[in-house]
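The values are calculated or read from the model by the stated rules, or taken from the named source; none is laboratory data. Here the structure is a predicted model, which means the values were calculated and not measured. Using ideal geometry, Cβ is built from the backbone for each residue, glycine included, and neighbour counts are taken over all protein chains shown. Accessible surface is based on the protein model in full, side chains and every heavy atom, while ligands, DNA and RNA are left aside. Shrake-Rupley method; radii C 1.70, N 1.55, O 1.52, S 1.80 Å.
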Amino acid sequence: MKTGVLTVHRAINIGAILQTFALQELLKNMGNDSYVVNYIQEKVERTDRERYDSKKRREFLFHGHLHGFLTFNQVKARVAKRRKLFDDFLRDHLQLTEACNANNIPQDFDAYVIGSDQLWNSRIFGYQDPVFWGNFTRKEGSKVFAYADSTTVADLESTSKEFLEKSLQNFDAISVREKEVADYLNATFKLPKPVELVLDPTITAGRKLWDTMRTEKCSGEKYVLVYCARPYQPKPQLVMEKAQKIADRLGCKVKELSMDTASDFIDQISNAEYVLSSSYHGIVFSLIYNRPLYALMYGDDQDRRYVNLLKLLGAEKMLLSINEEAEPQDVDYAPINERIDKMVDKSKEFLNQIR
């Protein structure tokens, strides 16, 4: 079966590109001829891939951003370098279609897999993208599946019920990452099949896939890794204080995650003595590599994705409020891995429909 993955693969975000690659590979390993639809999503292009041209430089000056104006060339070079690294990953790891927009999604697929990531969270895009709800022209007889899509009940409740009712009918089967979202959809809408709960494809794909990307640059180092990916991270000094306290107990240094490539990301997490993170995929990869972990909670909406995940896996003791004291704790990964294995099997059962 020829399958096309629809997701936010062009975001300048490490989790976004790794979940795209993982889903492509999962479908391929199940016997599908798997592609990533090169959908040029308007919001992603406007924000993650904003143009640094003369017009942008003038905007800095006109809006009083003198520092931005004076350092424009350095910022432009830094942005271009980072964007190239992401584009190199897309070129080397993804089987992409020709570029398209909402009006000309390729129609030669037997099945479209929409997922995973926060495709149904209107706060990410500022609106519900119709394409990610299956509202696009496709050939007769083709199927549409949602895999591990993420959102909140509050966001769905704020979306037009008419839009949701119509859009949900586009799907032959639906799966999501949050239990409360699955429960809400099943209770609120009449669907041909119940919405299922599955894991993010980066976990479902398994450690073996990610081991192929490791370079072991960090082997031999001993460090507590800090990865706080949220913009305008509140109280950064509290995070570093917690990390330093754990590092002192373990007799190692504190290291903030720095990455040029996906390999850097995987290397630094997989070799860490301990991880402190408020990044969903930072937490996911800590679990994949069985790293001792504190998932930092700030009491906002962004906590919920990994709070849901850790509760699902019986790993609540890894949750830590930003205002709590942090001591290194021993983690027994055996029961956690057992739950992961069961959920991986369930996730693959869902994907097995797509072939």
### Task
List the number of the failed condition for Y39; all other conditions in (1) open to solvent by 10 Å² or more (accessible area, probe 1.4 Å); (2) under 25 Å from G282 (Cα atoms); (3) modelled with pLDDT of 95 or more hold.
(2)
### Query
Restricting attention to segment 1-36, which residues are in a strand (DSSP E or B), surrounded by fewer than 18 Cβ atoms within 10 Å (Cβ to Cβ) and touching a residue at least 60 places away in the same chain (Cβ under 8 Å)?
K2
#### Entry: V224 vs. criteria closer than 23 Å to I124 by Cβ, under 25 Å from the mean Cα position of the chain (by Cα) and surrounded by 14 or more Cβ atoms within 10 Å (Cβ to Cβ)
no
### Message
Please go through (1) closer than 26 Å to D183 by Cα; (2) over 18 Å from the mean Cα position of the chain (by Cα); (3) polar (S, T, N, Q) for T212 and return the number of the only condition it doesn't satisfy.
### Response
(1)
### Query
Among the residues of segment 201-221, is any in a loop (DSSP other than H, G, I, E, B) and buried (at least 21 other Cβ atoms within 10 Å of the Cβ)?
no
### Query
If you scan segment 305-333, which residues turn out to be touching a residue at least 60 places away in the same chain (Cβ under 8 Å) and among the basic types (K, R)?
R305
### Task
Select from segment 87-109 the residues that are touching a Lys or Arg at 6+ places or on another chain (Cβ under 8 Å) and open to solvent by less than 60 Å² (accessible area, probe 1.4 Å) and write down the one among them that is farthest from L26 (Cα to Cα).
I105
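Results for (1) farther than 22 Å from R46 by Cα; (2) β-branched (V, I, T), shown as yes or no for each residue.
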{"residue": "G126", "(1), (2)": "no, no"}
{"residue": "L156", "(1), (2)": "yes, no"}
{"residue": "N170", "(1), (2)": "yes, no"}
{"residue": "I174", "(1), (2)": "yes, yes"}
### Query
For A182, which of the numbered conditions (1) without any contact (Cβ under 8 Å) to a residue 24 or more places away in the chain; (2) out of contact with any strand residue (DSSP E or B) (no Cβ under 8 Å at 6 or more places or on another chain) fails to hold?
(2)
### Task
Consider A182 carefully, then state whether it is open to solvent by 80 Å² or more (accessible area, probe 1.4 Å) and either small (G, A, S) or in a strand (DSSP E or B) (or both).
no
